[in-house]
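What follows is a set of notes on a single structure, which appears directly below.
The values are calculated or read from the model by the stated rules, or taken from the named source; none is laboratory data. These figures come from a predicted structure and were not determined experimentally. Don't worry about glycine lacking a Cβ; one is built from the backbone with ideal geometry, like all the others, and counts go over all protein chains shown. What goes into the accessible areas is simple: the full protein's heavy atoms, side chains included, and nothing from ligands, DNA or RNA. Shrake-Rupley method; radii C 1.70, N 1.55, O 1.52, S 1.80 Å.
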Amino acid sequence: MLSFISNQIDRQKDVSHEEKTLSDLEKSDGSHFPGDDYRPSDRKNWMAGLTLEKLTLNKIVWPGTHDSATNDIGIPLISRPLAECQTLSIYEQLVLGTRVLDIRVQEDRQICHGILTSYDVDVVIDDVIRFLSETHSEIIILEIRTEFGHKDPPEFETYLGDKLGQFLIHQDDNLFNKPVSEILPKRVICIWKPRESPKPSRGGHLWNADYLKDNWIDTDLPWTKFQSNLKHLGEQQSISSRKFFYRVENTVTPQADNPVVWVKPVTDRIRKHARLFISQCVSKGCGDKLQILSTDFIEDDFVDACVGLTHARIEGKV
């Protein structure tokens, strides 16, 4: 028992030390980067507010959400805090400026996070279609995967094609260097990641897992995750030569050996440092490699930071 208590005390000391390291870095280096003062006048249509003829897919810094459809997961006040990573609906996230969605499903087409389930995936698709019907120039990356430990929903590729067909941007390696103006009116890059079913074929209406990569590590230590994100991003190709989307997740994850297991207080350890991360990317010479940046509990300032760096790229400042 004494050993357990000692370990918990040490764990909290580690967390506190890493939080202080990030805070000290922000105080010493600041969170400034090209475009950091830019604010889109309309987050719902922030791509339309940029120069679409200059905005190529690979110049966009895509604001994304982690475990996007968990706003209604589990049982309120009981299991929900253990798995809820977003409080906004999919539609509300898109209106706020989110452009990359991380959707987890299981065999019954329900949204899930681990063993906890939520609404049917139709709710997500309907929200996406509603947003698309209200806008004209916004492109979305919709990643849908079968959650670990679950089976693929039957005939799901056909389902996605039937529901989103008119909006789907077919897989094409040449698209990365194309401006948004030439890709419209198609609006959705849908990446389907089954666990056992065949992955989508090249050139089809869906994109496969090869086109969205990351280097996720399972930790609740914010400085550890921050450093890992910088290291792995620095090892990537620049956006000008990359033929896939690379995601950095500005998140940390509750651990079973730590008494704090609710998502919100744990992920807040790093969530507030998104601008610091972008600033460090630029100062360390990998500002031209950042592409998708995702977060838990997305807010307008996070969106503004991503859009600001995107604007700076269009202006040739990065």
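Before moving on, here are some points about what is shown:
- Members of the stretch 113-140 found to be surrounded by 14 or more Cβ atoms within 10 Å (Cβ to Cβ), at pLDDT below 95 and of a type in the set (A, V, I, L, M, F, W, C), listed by number: 116
- For the stretch 243-252, the count of residues that are touching a His at 6+ places or on another chain (Cβ under 9 Å) and of a type in the set (A, V, I, L, M) is at least one.
- Among the residues listed as 68, 31, the single one being open to solvent by 20 Å² or more (accessible area, probe 1.4 Å) and not in a helix (DSSP H, G or I): 31
- Residues that are assigned to a loop (DSSP other than H, G, I, E, B) and among the aromatic types (Phe, Trp, Tyr) were ranked within the stretch 35-65; the one that is nearest to the chain's Cα centre (by Cα) is 46.
- Contacts under 7 angstrom Cβ, first residue in the stretch 292-312 being closer than 18 Å to residue 92 by Cα, partner among the acidic types (Asp, Glu), 6 or more apart: 294/102; 294/249
- Residues that are of a type outside the set (D, E, K, R), modelled with pLDDT of 95 or more and open to solvent by 40 Å² or more (accessible area, probe 1.4 Å) were ranked within the stretch 71-97; the one that is nearest to residue 189 (Cα to Cα) is 95.
- Here the stretch 232-242 is the region considered, the condition is being open to solvent by 50 Å² or more (accessible area, probe 1.4 Å) and among the small types (Gly, Ala, Ser), and the residue that is nearest to residue 277 (Cα to Cα) is 240.
- Restricting attention to the stretch 282-318 and to residues that are closer than 17 Å to residue 226 by Cα and over 17 Å from the mean Cα position of the chain (by Cα), the residue that is surrounded by the fewest Cβ atoms within 10 Å (Cβ to Cβ) turns out to be 285.
- Yes/no for residue 143 being open to solvent by 10 Å² or more (accessible area, probe 1.4 Å), in contact (Cβ under 8 Å) with a residue 40 or more places away in the chain, among the acidic types (Asp, Glu) and in contact with an Asp or Glu (Cβ under 6 Å, 6 or more places away or on another chain): no
- Scanning the stretch 253-265 for residues that are in contact with an Asp or Glu (Cβ under 7 Å, 6 or more places away or on another chain) and under 13 Å from residue 67 (Cβ atoms) yields a total of 3.
- Scanning the stretch 211-231 for residues that are without any contact (Cβ under 8 Å) to a residue 60 or more places away in the chain and open to solvent by less than 40 Å² (accessible area, probe 1.4 Å), we see that the one that is farthest from residue 296 (Cα to Cα) is 211.
- Qualifying residue in the stretch 195-202 (condition: at pLDDT 95 or above, assigned to a helix (DSSP H, G or I) and either within 21 Å of residue 292 (Cβ to Cβ) or not small (Gly, Ala, Ser) (or both)): no
- Scanning the stretch 243-261 for residues that are open to solvent by 40 Å² or more (accessible area, probe 1.4 Å) and modelled with pLDDT of 95 or more returns a single hit, 243.
- Only residues that are open to solvent by 10 Å² or more (accessible area, probe 1.4 Å) and aliphatic (A, V, I, L, M) were counted across the stretch 52-65, and they come to 1.
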